[in-house]
Amino acid sequence: MSFVLVQVIVGGLLLGAVYALFSSGLTLVWGMMNIVNFAHGDFVMLGMYVAFMVFTLFGAGPLAGAPIAALLLATLGVIVYFGLIRDIMKGPMLAQILGTFGLALLLRYSVFWWFGANFLSLPQNIVGGTFAVFGLRIEASRLLAGVVALLVTLGLHLLLTRTSLGSKMLAVAEDSTAAQLMGIRPDTMQAIAWAIAAGATGLAGALIATFFYIVPTVGETLGIVAFVTVSLGGFGSVPGALVAGLLIGVIEQLSAYLIGAVYKDIVVYALFLSFLWFRPQGLMGKS
Amino acid sequence: MRRLLWASVLLAAAIAYPLLFSTPFHQRLGALVLLYAIAASAWNIVGGYAGQVSVGHVVFFGCGAYAAMGAYAHFALSPLVGIPAGIVFAVAIAAIIGVPTLRLSGHYFSMATIAVAELVRLVVTNTDYLGAAVGLSGPTVPRNVFDLSFISALPYYYLFLAILSLTLLITWWMTNSRMGFYLRAIKDSERAARSLGAPASRTKLYAFMLSAGLTSVAGALYAMMFGFVDPESGLGILISVKLLIMAALGGAGLLFGPLVGAAILVPLEEISNNLLGGSGAGLTFVVYGAIIVLIARFQPGGVLALANRLWERRGKAAKATLEAGASHAP
């Protein structure tokens, strides 16, 4: 295998870890409440803008921007849950899709209106340049994003499977009435799930803000990436999202390198549609 | 019978409108309302009646628009020739998306339609035959009346009115056919409908294909009126959004819902664009987003459903007072 190809694959894995991080938020909410957040990609977009604002206001890099973005987005997640999701959850499918889709438009075009449609970017060297590992040239910002995203995704998996909070959330996902009888408040658990899901997007957005283009409509593309990841990994499964996210990151970077940058989104969308045709339950889902 | 009366009053008002408001601005506005009402009514068949929220209807819109302009640009034919071609493309694409996704939960369908819309937009933007990012133009100087290139909006207005009436007739006919009954049963409970023998997937697919074909006609008409199509105006995801919000605001699953929605939103957008200029583009969609959220949260049935309910309540109240009065009578 050529050396450049290895370089491209490593880049894909690092980006894929970030995809996995924000997709696990989507899969958590979907698996637990059977609701799909069409504004998920726009939450990531907000995370990017928070990182941008933190830099322009305080001159601080993603080490400060990421926790702030995570906190702000988690708060937004709770607000969205109590203000909108809790009510439309019980409503018809049309109301569910309209609700989160309208939220996506609201967020996307509020940012558009405020910041304009121009591409923004953070300085390249904000996390300290590029260095070589075994001869591979890796940007520090991408390495930081990939490693942090991987650790947080794994942490999220442990939180859901190994802690009492995770068990409670699982119980609500299984049967919220039964959970209520056991003394668990479904409302609180679902609000926590929204906080975690939105916090993950904020973190992911702030992490990629250092090397991704920042534009109000980026959420649309990222939202589709999250959806592809979740449907590939099987909904409700964080490990599935992790594997699928890494895979999509690699496929995207490889097709950008081999076919051309314009076609990387085309490849991902086509992959998604072919998956819907042949394996709608996802890579790890049961048929 | 009363519905027929209402429909004829509405039609008469629509025919009279451009004669009463004869300025170019009002005629153009009226034509745009009717055009969006056609597309939103087409969306309503699958989104409202079948309950499958498509966010990719712009693909079908684009099929019609590109076929109409392509017929002129590549074959020097009347854009009208493109209409049947557009319908064929749209129905074929609907079948390709619909067969796998309509078996799955509604969310998959919505997301798959977004992915298809973006996929088609990206492919067209990189295809030179379809004009790439610049798009295709129609006849600038009409060779004859079949080029459908008019300076005044009036001919478009009546053409759109005729097509809208046809679309609503087809929709009405569909709701009263066996297919309409199946769709209603499926929307209430797909499992129950299946167990009673309604062919759920097939019925939803037919509704999707019918809706796609009608949407492509709207796209062709749009391209004829504006004389060109490019990836943004023919395949941009925001067009899907507009159709969806018009139907939902007016009342998804109601015959006149999309028309009511278009009659509210198109003037709103024109006015806000006139007042705010180019900088208002973002703000218009902020308002759109807020309206969608509010409908979903408080009034998922739309304006028309709310009006119906108020009307019935008033009717009941009037009846109640009447009965109360009657019982008190000696």
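The values are calculated or read from the model by the stated rules, or taken from the named source; none is laboratory data. Only a predicted model underlies this, so the values are computations on that prediction, with no experimental measurement involved. We place every Cβ from the backbone using ideal geometry, glycine too, and count neighbours over all the protein chains shown.
Checking each residue in segment A:196-224 for being surrounded by 24 or more Cβ atoms within 10 Å (Cβ to Cβ) and among the aliphatic types (A, V, I, L, M) picks out A:197, A:198, A:200, A:203, A:204, A:206, A:207, A:208, A:209, A:222.
Does residue B:210 qualify as being under 18 Å from the mean Cα position of the chain (by Cα) and farther than 19 Å from residue B:54 by Cα? Step through it out loud before you land on a result.
Working: under 18 Å from the mean Cα position of the chain (by Cα): yes; farther than 19 Å from residue B:54 by Cα: no.
When the stated conditions are applied, residue B:210 does not pass them.
If you go through segment B:155-167 one residue at a time, do you hit one that is at pLDDT 90 or above, surrounded by fewer than 19 Cβ atoms within 10 Å (Cβ to Cβ) and among the polar types (S, T, N, Q)? Yes, there is a match, as at least one residue in segment B:155-167 is at pLDDT 90 or above, surrounded by fewer than 19 Cβ atoms within 10 Å (Cβ to Cβ) and among the polar types (S, T, N, Q).
Confirm whether residue B:123 is surrounded by fewer than 18 Cβ atoms within 10 Å (Cβ to Cβ), without any contact (Cβ under 8 Å) to a residue 40 or more places away in the chain and in a loop (DSSP other than H, G, I, E, B). Write out each step before concluding.
Working: surrounded by fewer than 18 Cβ atoms within 10 Å (Cβ to Cβ): yes; without any contact (Cβ under 8 Å) to a residue 40 or more places away in the chain: yes; in a loop (DSSP other than H, G, I, E, B): no.
So residue B:123 fails the test.
Among residues of segment A:85-110 that are at the interface with chain B (Cβ under 7 Å from one of its Cβ atoms), those with a Cβ under 7 angstrom from a residue that is among the hydroxyl-bearing types (Ser, Thr, Tyr), sequence gap 6+ or separate chain, pair up as A:97/B:110; A:105/B:288.
When the test is whether a residue is within 8 Å of chain A (Cβ to nearest Cβ), part of a loop (DSSP other than H, G, I, E, B) and surrounded by fewer than 20 Cβ atoms within 10 Å (Cβ to Cβ), residue B:104 passes it.
Can you spot a residue in segment A:247-260 that is more than 9 Å from chain B (Cβ to nearest Cβ) and under 16 Å from residue B:108 (Cα atoms)? No; the residues of segment A:247-260 include none that is more than 9 Å from chain B (Cβ to nearest Cβ) and under 16 Å from residue B:108 (Cα atoms). Can you confirm whether residue A:147 is touching a residue at least 12 places away in the same chain (Cβ under 8 Å) and either surrounded by fewer than 16 Cβ atoms within 10 Å (Cβ to Cβ) or in contact with an Asp or Glu (Cβ under 7 Å, 6 or more places away or on another chain) (or both)? Considered against the rule, which asks whether it is touching a residue at least 12 places away in the same chain (Cβ under 8 Å) and either surrounded by fewer than 16 Cβ atoms within 10 Å (Cβ to Cβ) or in contact with an Asp or Glu (Cβ under 7 Å, 6 or more places away or on another chain) (or both), residue A:147 comes out as yes.
Looking across segment A:129-169, the residues that are more than 30 Å from residue A:181 (Cβ to Cβ) and touching a Pro at 6+ places or on another chain (Cβ under 8 Å) come down to A:141, A:144, A:145. Residue A:118 passes every criterion in (1) away from chain B (no Cβ under 14 Å); (2) surrounded by fewer than 17 Cβ atoms within 10 Å (Cβ to Cβ); (3) among the polar types (S, T, N, Q) apart from (1).
The number of residues in segment A:54-86 that are surrounded by fewer than 15 Cβ atoms within 10 Å (Cβ to Cβ) and over 19 Å from the mean Cα position of the chain (by Cα) comes to 7. Quick check: is even one residue across segment B:74-95 of a type outside the set (A, V, I, L, M, F, W, C), within 14 Å of chain A (Cβ to nearest Cβ) and assigned to a helix (DSSP H, G or I)? The answer is no; no qualifying residue exists.
Working carefully through the options B:72, B:66, find the one that is within 20 Å of the chain's Cα centre (by Cα), over 16 Å from residue B:207 (Cα atoms), aromatic (Phe, Trp, Tyr) and buried (at least 23 other Cβ atoms within 10 Å of the Cβ).
Details: B:72 fails: within 20 Å of the chain's Cα centre (by Cα).
The conditions single out B:66.
Give, as residue ranges, the helices (runs of 4 or more DSSP H) completely inside segment B:225-294 that count at least 2 residues that are farther than 17 Å from residue B:47 by Cα and either touching a helix residue (DSSP H, G or I) at 6+ places or on another chain (Cβ under 7 Å) or at pLDDT 90 or above (or both). Even if it seems obvious, please write down each step before you answer.
On the way: elements: B:231-235, B:237-250, B:257-276.
Ranges flagged: B:231-235, B:257-276.
Within segment B:92-101, which residues are surrounded by 20 or more Cβ atoms within 10 Å (Cβ to Cβ) and either of a type outside the set (A, V, I, L, M, F, W, C) or closer than 14 Å to residue B:46 by Cα (or both)?
Let us first name the residues in segment B:92-101 that are surrounded by 20 or more Cβ atoms within 10 Å (Cβ to Cβ), namely B:93-94, B:97-98, B:101.
If the condition is that a residue be surrounded by 20 or more Cβ atoms within 10 Å (Cβ to Cβ) and either of a type outside the set (A, V, I, L, M, F, W, C) or closer than 14 Å to residue B:46 by Cα (or both), then B:94, B:97, B:98, B:101 are the ones that fit.
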